[in-house]
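Notes follow the structure.
Just so you know, all these numbers are worked out from the coordinates, no wet-lab data involved. Bear in mind that the values here come from a model prediction, so they are computed numbers and not experimental data. We place every Cβ from the backbone using ideal geometry, glycine too, and count neighbours over all the protein chains shown.
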């Protein structure tokens, strides 16, 4: 028996309504907007596969696709798909222009063979975003910025909590 | 290094809204990791207006990178001439001042005869076709082979595929036939995005390329190496002598390049090309018939552009 091999996609959702420069600084503003859940992202991707690749595409991916993680704060997520069909899912994600009622685009940040590498690059990405936030806060003399180390820890523990 | 060689320039650049929209798009391109962008100005009919493209000031104040490094993007200008009538003379030569004020020249042929003409003779860098709608003719091996030989590139714009489903079908079908005919050579993929939300990241485009029938390496070349070749092609067309030699004054040399003229800093009379300067001219790989002309232009001190 050959074991089923997977691909792990780390992706980012960029929304039209918050300027992308502040895409992650929207800790407060995206709260007002309806936050997306893992389920919303999953169904958006599946619908897009249905539209672009038809029944055949959905059939191919249905067994193996699962969205393992999606953070409504940083708007990044991790998705698992069997190795033979990852290009279908990736292509479908490229064609997404809207999730629920919010216009957006999806960009793949990392494509890996194991979940570990995706987690590591997700942590790296989070760290960059937090540092960016800090620089923003400094530029605008915003003193109420929270402890960064605390944020680092939070993001790390959340991402590492993902399971195969 | 990733390139996006087709970002439509606003038709009325004075309107603030269009200007911010352009800025949004460029900001997003930087975020995605593109390093070169070309603003596109499309013209149907006569070339009579001067180049309207103003490059945005560099992004010095962008706090986008966490390391605090400056984020820069190289900006080019490009003109796309839509050719509808083969008999009309569009003046597409580098002697035309309007044409040579743009960095890149593209043509969009609208029928087969003009397409053949564009592949075979026109002095351009890019041949673009409206792939979001049905093409009025088949793309044939003959002219395409000629264009590949001449180093002219074909363009696929992906934004129509993101806009709506009907043009997505057409684009995939047209792109696949183009890839089949060219065997994946001499293709570039560009955005043609009217809005920021129509842009995609470089690796997403590589994956899109695999859907259009290329393999990953070919698709990656379409947004990097091939685009660089287009820019180089444009450069050699514009300001070189027979695409072999170009001239630059010694004063434009950077301090670390001064060894090329066989001298160090203090002896060089910056900005002046007097008789003494003439003797410092360095001649690099010239064939005999070029030599004579060389003498005439030797007043300008020269350096080879690599």
Exposure proxy order (Cβ contacts within 10 Å, fewest to most) of B:164, B:125:
B:164, B:125
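Dividing the alpha-carbon Rg of segment A:55-125 by 2.2 N^0.38 Å yields what?
Taking N as the residue count of segment A:55-125, the ratio is 1.14.
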Per-pair calculated FRET efficiency, R0 = 51 Å: residue B:258 and residue B:117 via Cβ, rounded to 0.05:
0.65
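Within 10 Å, count the other beta carbons around each residue, average over each peptide in A:37-50, B:145-158, and list them highest first. Let's see the in-between values first.
On the way: A:37-50: 17.9, B:145-158: 20.4.
Ranked from most to least packed, the peptides come out as B:145-158, A:37-50.
Label segment B:95-194 by shape, choosing from rounded, prolate and oblate, from the square roots a ≥ b ≥ c of the eigenvalues of the Cα gyration tensor; if a/c is under 1.5 it is rounded, and otherwise prolate applies when a/b is larger than b/c, oblate when it is not. Present the calculation step by step, with values, prior to reporting the outcome.
Numbers: a/c = 1.88, a/b = 1.30, b/c = 1.45.
Note, shape of segment B:95-194 comes out oblate.
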Counting only other chains, what is the mean number of Cβ atoms within 10 angstrom of the Cβ of each residue in peptide B:198-211?
5
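When a/c is below 1.5 the answer is rounded, else prolate if a/b is larger than b/c, else oblate, so apply that to segment B:2-239 with a ≥ b ≥ c taken from the square roots of the Cα gyration tensor eigenvalues. Before the final figure, lay out each step's value.
On the way: a/c = 1.62, a/b = 1.22, b/c = 1.33.
Verdict is oblate for segment B:2-239.
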Starting with the fewest neighbours, write out A:1, B:197 ranked by other beta-carbon atoms found within 10 Å of each beta-carbon.
A:1, B:197
Within 10 Å of each Cβ in peptide B:250-257, how many partner chain Cβ atoms are there on average? Round it to a whole number, please.
0
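For an R0 of 35 angstrom, estimate the FRET efficiency from the Cβ-Cβ distance between residue B:54 and residue B:149 and round to the nearest 0.05.
Efficiency computed from Cβ-Cβ geometry: 0.45.
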Arrange the following residues from fewest to most other Cβ atoms within 10 Å of their Cβ: B:200, A:102, B:163.
A:102, B:163, B:200
Honestly segment A:89-138 on the Cα gyration tensor test (a ≥ b ≥ c root eigenvalues; a/c under 1.5 rounded, otherwise a/b vs b/c for prolate or oblate) is just oblate
Extending each Cα 7 Å along its Cβ direction at residue B:14 and residue B:243, get the distance between those two points in nm, one decimal.
4.1
